[in-house]
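Working notes, beginning with the structure itself.
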Amino acid sequence: MAYWLVKTDPDSYSWDNLVKDKKVVWDGVRNYQARNNLMKMLIGDEVLVYESQSPKIVTGITTVTKEYFPDPTTEDNAWVAVELKFKKSFKKHVSLEDIKSLPELGNIALIRQSRLSVMPLTADEFEIICSMGK
DNA sequence: GCCAACGTTGGC
DNA sequence: GCCAACGTTGGC
């Protein structure tokens with residue numbers, strides 16, 4: 001079981017949308033590094049969702065329900081999508097500030113590589129963020 | 001709204 | 001194949 005974090009721009013697709021939809025095809029990724037991460041996701045992996053803009057927060061947890069397939073939003077088969085299912089909303093959203101304040105999380109790509117939209121987390125990093133979010 | 005960081009494109 | 005120019009992302 002692996003752990004991931006994906007970023008979304010709430011103007012285009014927000015956590016609230018996902019809570020209503022229950023499932024979403026995570027498409028539109030146009031960055032090779034991010035795509036390579038999508039391709040490594042396996043069914044059952046847990047994926048945190050982060051909203052950029054303001055406020056910048058991790059909102060909850062999803063699980064992978066479909067492994068990668070061609071991105072339906074483009075004919076270019078270089079790009080792939082996965083399907084994610086709602087699992088849980090955090091009682092307390094975890095802000096970027098909270099994450100930055102913890103030395104244990106100083107290495108995650110969210111901080112080191114702010115433009116990457118799909119990134120791996122270690123089990124420890126995942127657990128720390130979940131324990132802050134409850 | 002600005003700008004730094006980064007990825008991509010295209011001329012050489 | 002290098003690198004300058006450009007576009008985009010995302011934090012502030």
Assigning unit charges at the beta carbon (Lys, Arg +1; Asp, Glu -1) and nothing else, what dipole magnitude in debye, to the nearest 20, does the stretch A:3-132 show about its Cα centre? 180 debye
Relative contact order of chain A, please, whole-number percent, based on alpha carbon pairs below 8 angstrom and at least 6 residues apart. 31 percent
Once amide hydrogens are built 1.01 Å from N within the peptide plane, the residues lying 5 or more places from A:THR8 or on another chain with amide H under 5 Å from its amide H are A:TYR50, A:GLU51, A:SER52
3J(HN,Hα) from dihedral phi, the stretch A:53-68, Karplus parametrisation 6.51/-1.76/1.60, rounded to Hz, x for glycine, proline: 6, 9, x, 8, 9, 8, 9, x, 10, 10, 10, 6, 10, 9, 6, 4
Treating every alpha carbon of the stretch A:5-124 as one equal point scatterer without solvent, the Debye formula yields log10 I(q)/I(0) values at q = 0.13, 0.14, 0.16, 0.20 Å⁻¹ of -0.48, -0.56, -0.74, -1.19
Given the options A:LEU102, A:LEU38, A:LEU48, which has the most mean-square fluctuation in a GNM of chain A, springs set between C-alpha atoms less than 10 angstrom apart? A:LEU102
Using 7 Å Cα-to-Cβ label points, what is the A:THR73/A:ASP16 separation (nm, one decimal)? 2.0 nm
How much length is gained if the chain between A:LYS56 and A:ARG112 is pulled fully straight, taking 0.36 nm per residue apart and subtracting their Cα-Cα distance, in nm to one decimal? 18.6 nm
Please give the solvent-accessible surface of A:LEU105 in Å², to the nearest 10, using a probe radius of 1.4 Å with every protein chain present. 0 Å²
Not counting ligands, DNA or RNA, and with a 1.4 Å probe, what is A:ARG112's accessible surface area in Å² rounded to the nearest 10? 150 Å²
What do you get for Rg/Rh of the stretch A:3-73 when both radii come from the Cα atoms and Rh is the Kirkwood radius? 0.93
Over chain A, with a Gaussian network built from C-alpha contacts below 10 Å, which listed residue (A:SER14, A:SER52, A:SER114) shows the highest mean-square fluctuation? A:SER114
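The values are calculated or read from the model by the stated rules, or taken from the named source; none is laboratory data. Keep in mind that this is a model prediction, so the values were computed, not measured. Because the Cβ atoms are built from the backbone with ideal geometry, glycine has one as well, and the counts that use them run over all protein chains shown. SASA here: full protein model, heavy atoms, side chains in, ligands and nucleic acids out. Shrake-Rupley method; radii C 1.70, N 1.55, O 1.52, S 1.80 Å.
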